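Trainee: Have a look at the structure that comes next, please.
The values are calculated or read from the model by the stated rules, or taken from the named source; none is laboratory data. The structure displayed is predicted, hence computed values, not measured ones. Cβ atoms come from the backbone with ideal geometry, glycine included; neighbour counts cover every protein chain shown. These accessible areas exclude ligands, DNA and RNA; they are computed on the full protein's heavy atoms, side chains included. Shrake-Rupley method; radii C 1.70, N 1.55, O 1.52, S 1.80 Å.
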Amino acid sequence: MTEAALRRGEAAGLEAVRRGLGSSTLHRTLFQIGIATGDLELANEQVAWAAGKPEERQATGWETGAAASAGQLRIAAGLRRRAVALAQRAGEDTAASAAASDAFVLAVIGQCDAARAESAAAKTSTATATVAAAGFTLGYCGDALSATALADRLLELYPRGTLEKHVHAPVIRAAAALPQNPAQVLSLLEIARTFDRVASFRTQYLRGQAYLRLSRGPEASAEFQYILDHRGEDVLSVLYPLAYVGLARAATLTGDTGKARTAYETFFEMWKDADPDIPILREARQEAARLK
């Protein structure tokens, strides 16, 4: 989604709010537009709208996603605890879902020990998104056996589920294959191509990682570039900023050091307030330094 499209969406959304047509979905969209465009005032206005309302828990979830996407994991953890507490007051149990979301982020940034521990709380869930996130986490972090078991369980729970069959289970199996057999990742994800746009960037990110491991720079670059060109599909995804690291690594493979430097610099700017001890951030800094 282009900057102009985002601004048009912002104008239409604000006009709807002015007319009293605001809803949680609309305010969430405006929050996401604020984050995507760097308009933190706009984003904070949506959080303020939800304060003291039943929607406050949802708004805290928006903030959590934004913090995690910016690499601010300590802030995100505090917000996540607050969202869970708000849900419990409302009689909802979101602990497993929150743990799975945390585990996913920890996995892709390179903190697999913590990710595996967080995913344990989600293993007995029956919620598709929770099981899918836990399965991805375990597979990405090298526990192929547990990940495959969750993929099987998801299909047992929802044998007729289109997304379970064509997106979530294949993604889990592909994540499990990535550490040892990147070529298999590509074949496993063929069934998901039709549904790439609703996969929250997981299919493109896994393909990109597989191509990097296979030293196929141009193909890897195309997958990561897709994520960067379609942020609107999942504005708060941590995979969006991480796609810049993938793009930089792909450009390095092809010898395009200028493109690699630009991609690294963009990532560092997006993560300028990130926790400094995140593994992928440290790795990216070392890789960028070697280009000079």
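Trainee: Per-residue ellipticity at 222 nm for the chain, helices alone: DSSP H runs ≥ 4 residues times -39500 (n - 2.57), over residue total, nearest 500 deg cm²/dmol?
Mentor: Values: 16 runs with 204 residues, N = 292.
Per the formula, -22000 deg cm²/dmol.
Trainee: From the convex hull of the Cα coordinates of the stretch 1-147, what is the mean projected area in square nanometres?
Mentor: 9.6
Trainee: Now a separate question. Which FRET efficiency value, to the nearest 0.05, do you get for residue 155 and residue 180 by plugging their Cβ-Cβ distance into 1/(1 + (r/R0)^6) with R0 = 22 Å? Could the numbers behind the result be given before it?
Mentor: Values: r = 23 Å, r/R0 = 1.02.
Taking R0 as 22 Å, the efficiency between residue 155 and residue 180 is 0.45.
Trainee: Given Cα positions, please report Rg to Rh for the stretch 64-201, the hydrodynamic radius being the Kirkwood one.
Mentor: 0.98
Trainee: Hey, another quick one. Under the Kirkwood approximation for Rh and a Cα-based Rg, what ratio Rg/Rh is obtained for the stretch 225-264?
Mentor: My calculation puts Rg/Rh at 1.03.
Trainee: Okay, moving on. Relative contact order for the stretch 1-77 using alpha-carbon pairs under 8 Å, separation at least 6, rounded to a whole percent? Don't skip to the end; give the middle numbers.
Mentor: Values: 53 pairs, mean separation 15.3, N = 77.
Relative contact order comes out at 20 percent.
Trainee: From the backbone phi of the stretch 9-18, what are the Karplus-calculated ³J(HN,Hα) couplings (6.51 cos²θ - 1.76 cosθ + 1.60, θ = phi - 60°) in whole Hz, Gly and Pro given as x?
Mentor: x, 4, 4, 5, x, 5, 5, 5, 5, 4
Trainee: What number of lysine-lysine pairs in the chain show an alpha-carbon separation below 30 angstrom, given a sequence spacing of 8 or more or placement on distinct chains?
Mentor: Lysine pairs, 8 or more places apart or on different chains, close enough: 4.
Trainee: May I pose another question? Ranked highest first by the average count of other Cβ atoms within 10 Å around their residues, in what order do 140-147, 167-174 fall?
Mentor: My ranking of the peptides, most packed first, is 167-174, 140-147.
Trainee: Give me, ordered by chain and number, the residues 5 or more places off residue 72 or on other chains with an amide H under 5 Å from its own placed amide H.
Mentor: Distant-sequence amide H within range of residue 72: 275.
Trainee: Take every Cα-Cα distance within the stretch 14-70, group them into 5 Å bins from 0 onward, and report for each bin the whole-number percent of pairs it holds.
Mentor: 4, 21, 33, 26, 12, 3, 1
Trainee: In addition: Give me the accessible area per residue for the stretch 217-292, probe 1.4 Å, as a whole number in Å².
Mentor: 44
Trainee: Now, a different point. Sequence gap at least 6, Cα distance under 8 Å: using those rules, report the relative contact order of the stretch 1-149 to the nearest whole percent.
Mentor: Values: 158 pairs, mean separation 18.2, N = 149.
For the stretch 1-149, the relative contact order is 12 percent.
Trainee: Calculate what fraction, in whole %, of the accessible area of the chain sits on carbon and sulfur atoms when a 1.4 Å probe is rolled over the protein chains.
Mentor: Roughly 52 percent, rounded to a whole number.
Trainee: Additional query: At 1.4 Å probe radius, can you tell me the per residue accessible area of the stretch 87-207 in Å²? Before the final figure, lay out each step's value.
Mentor: Values: 5260 Å² over 121 residues.
Counting only protein heavy atoms, the per-residue value for the stretch 87-207 is 43 Å².
Trainee: List, in order, the whole-Hz ³J(HN,Hα) value for each residue of the stretch 278-292 obtained from phi through the Karplus relation with A = 6.51, B = -1.76, C = 1.60 and θ = phi - 60°; use x for Gly and Pro.
Mentor: 6, x, 5, 5, 4, 4, 5, 5, 5, 5, 5, 4, 6, 7, 7
Trainee: Then there's this: Hey, can you rank 265-273, 177-185, 25-33 by average C-beta count inside 10 Å, highest first?
Mentor: Taking the mean over residues of other Cβ atoms within 10 Å, the ranking is 25-33, 177-185, 265-273.
Trainee: Could you please report the charge total around residue 140, scoring K, R as +1 and D, E as -1 over all other residues with beta-carbon less than 11 angstrom from its beta-carbon?
Mentor: Net charge around residue 140: +1.
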